[in-house]
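Every number in this text was worked out from the coordinates using simple rules, so none of it is lab data. Bear in mind the structure is a predicted one, so any value in this text is a computation, not a measurement. Here the Cβ is made from the backbone with ideal geometry for all residues, glycine too, and neighbour counts use every protein chain on show.
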Amino acid sequence: MKALLFDFPNAVRSYWVEMIFVPPLFIANMWLLYGDFYVASSYNFFLVTLPWLISSILTPVLCHRVRNATLQQYPELHQWRKRVFFSILGYSASIVPVVTLTYVGLGLLPYPELAFSWTKWYALMLLSAMAVMIGTATYEGVTYFQKWRAALTEAETLEKLQLESQFQSLQSQLNPHFLFNSLNVLSSLIAENPRKAEDFVDELSNVYRYLLRANEQELARVEDELRFTRSFFHLLKTRHDTGINLKINVPPEFSDQKLPALTLQILVENAVKHNEISPEKPLTIEIGGTAAGLRVTNNLQRKNARLLSNRIGLDNLRERYQLLNQSGFEVQDDGRFFTVILSFVKPNPTIPT
């Protein structure tokens, strides 16, 4: 009531459906039930109007509580059937008792025109059913459109993040510094170990092939991510030799699980970017399985010069997990080890394709 009295614009936004449909139904209801008695005098008018007015305010409030509870329980776009079903039940459970009590209560007054009638009660129930159906259709129509629009925005944002992630990965592999190091390593290998040089070229081509294909998919199989990570790490290992190590201990049954594309490469590159690498202080990266995902850990030996971050890496992954409605993205830093825990991801049914 306070919102209705002191915050009228907000009340209009919250109860605009009722403000459109309730007054006509209210007037029709009075004429249907009481005929000329309703307008015979101002006393009769207020006698009948007051309890029904209270009911017409109470029922929308109850229906909004039902709607909010239903939206909270079934928030996804594809759950509209459950929302409709439980909305109809909830609205009926809210409207029918209030309407019945109001009608029966007025029937107890000493006026023959207000006496209880089963015929009129059935008519009331018919009107109540119409109100439930109209309210359900209107509410769900508005809700579905809002959620569809939000899901479409999420899909566009997720695609943008995915492209940013791919661009950042390509940029890091195509920047002059990386190419210079890779070509320098390749040049020395050609003279010293031609066989190893061939392996290096093969792994380098695998890396670029996967990076160029990553924009075609939102999610990638764990097996494909691990294969790509091994190829990427081969380049790092060839360059840093004993200064860097990779340990992978992922159960075979996780092979077909899904992760956001390029997740492991981003985490490996993040570890290389921010930590010292040398034979005396080797960087060790471990990828292992958890109950419902993967754990990527590296020992901390931070570089003295703190690098400026463009906030694409971890923030990008965190946002992609949020948009995929996944909460299993956790970062742990105890001063000795840096760990990122990743949950496996299922395709998001709320995002339209």
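Were the residues from GLU286 through GLU76 laid out at 0.36 nm apart, the gain over their Cα-Cα distance would be 72.0 nm.
Multiplying the sequence separation of SER327 and LYS303 by 0.36 nm and subtracting their Cα-Cα distance, what value in nm do you get? Spell out each step's value before the answer.
Working: separation 24, 0.36 × 24 = 8.64 nm, distance 3.05 nm.
So the chain would gain 5.6 nm between SER327 and LYS303.
With R₀ fixed at 41 Å, the C-beta to C-beta distance from SER255 to ALA69 puts the FRET efficiency at about 0.50.
Among the listed pairs LYS196/LYS237; LYS82/LYS258; LYS258/LYS303; LYS196/LYS281, those with a Cα-Cα distance over 21 Å are LYS82/LYS258; LYS258/LYS303; LYS196/LYS281. Computed FRET efficiency, Cβ-Cβ of LYS237 and ASP315, R0 25 Å: what is it to the nearest 0.05? Using R0 = 25 Å, I get an efficiency of 0.35.
Once fully extended, how much extra length lies between LEU108 and THR153, figured as 0.36 nm per residue of separation less the alpha-carbon to alpha-carbon distance? Mind dumping the intermediate values first?
On the way: separation 45, 0.36 × 45 = 16.20 nm, distance 5.58 nm.
So the chain would gain 10.6 nm between LEU108 and THR153.
Relative contact order, percent, of region 175-343 when contacts are C-alpha pairs under 8 Å separated by at least 6 residues? Here the relative contact order equals 18 percent.
Distance between the modelled labels on ARG336 and VAL142, one decimal in nanometres: 5.7 nm (7 Å Cα→Cβ projection).
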